[in-house]
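Structure, as structure tokens:
The values are calculated or read from the model by the stated rules, or taken from the named source; none is laboratory data. Not measured: the values here are computed from a predicted model. Here the Cβ positions follow ideal geometry from the backbone for every residue, glycine too, while neighbour counts run over all protein chains shown. Just so you know, the surface numbers come from the protein's heavy atoms only, side chains and all, with ligands and any DNA or RNA stripped out. Shrake-Rupley method; radii C 1.70, N 1.55, O 1.52, S 1.80 Å.
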Amino acid sequence: MKTTTRFACATVLTATAFTVPAVWAQSGVDREQAGPYISGSYGGYKAHGGEFEDENDMLGAALGYQFNPYFALEAEYIDFGNFGEDDVEGKLKGAGLSAIGRLPLTDSFGVYGKVGAFASAFDVDAFDEDETYDEVSPFVGAGVDFRVTRQLTAFAEYNHYNVDIDEDDFNGQVTNDGPEFDTGRVGLKYQF
């Protein structure tokens, strides 16, 4: 089993183990159909691509609006921190805007998919050269959520991001055009 798959499975199972008992205890939690929310998340990622191969932690915060049980829009900030090898290091942070399609399976449990755009600031320090790349790229994701109380929801989520660089900036010493990121995270969402 690939590291990414194991990581995603472990993330979902951990979130399930901590939240399902609380969900069952809330028999028939009355779920608001619409409203604004905030969320915070913590997780990890695997960076793929030449000199950028690495694993690290990430933090995220989001603002969103749930229009109904099936659809939401969300704006988020993510900090990937530092990653890379000895001669090639990167630092990535950015803001994402996404549309979320949700399928409620019960009053307290649902699955969802998301698609959006990620506006990133990618600082690269490679072979004694520094460059910053600002770009917008698409991303996709999927997750599960568990309503713990009327306003508090726990979630576990996987997302895939891709960031490009210009290899020519480093005299051809960087052998790829940028890293891809597979992320897994857990978090809490508070709906007003």
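Side notes on the structure shown:
- Cross-link pairs LYS91/LYS189; LYS46/LYS189; LYS46/LYS93 - those with Cα-Cα distance over 18 Å: LYS91/LYS189; LYS46/LYS189
- Simple label model, 7 Å out from Cα along Cβ direction - ALA75 to ASP166, nm: 2.9
- Summing charges over all other residues whose Cβ lies under 9 Å from the Cβ of ASN159, with Lys and Arg as +1 and Asp and Glu as -1, gives 0.
- Mean accessible surface per residue for the stretch 66-192, computed with a 1.4 Å probe while every protein chain stays in place, in Å²: 45
- When the surface is traced with a 1.4 Å probe over the full set of protein chains, VAL115 keeps roughly 80 Å² accessible.
- Sparse-neighbourhood loop sites, GluC sites (Glu not before Pro) in the stretch 40-141 - DSSP loop, at most 16 other Cβ within 10 angstrom: GLU53, GLU85
- Nearest-10 value in Å² for the accessible area of HIS160, using the 1.4 Å probe: 50
- Top positive-direction residue, dipole computed over the stretch 87-192 with Cβ charges, set LEU105, VAL140, GLY90: LEU105
- Note on GLN33 and ALA95: with the Förster distance fixed at 25 Å, the Cβ-Cβ geometry gives a FRET efficiency of about 0.40.
- Cβ-defined net charge surrounding GLU53, 9 Å radius [Lys, Arg +1; Asp, Glu -1]: -3
- With all protein chains modelled, accessible area of LYS91 [1.4 Å, Å²]: 90
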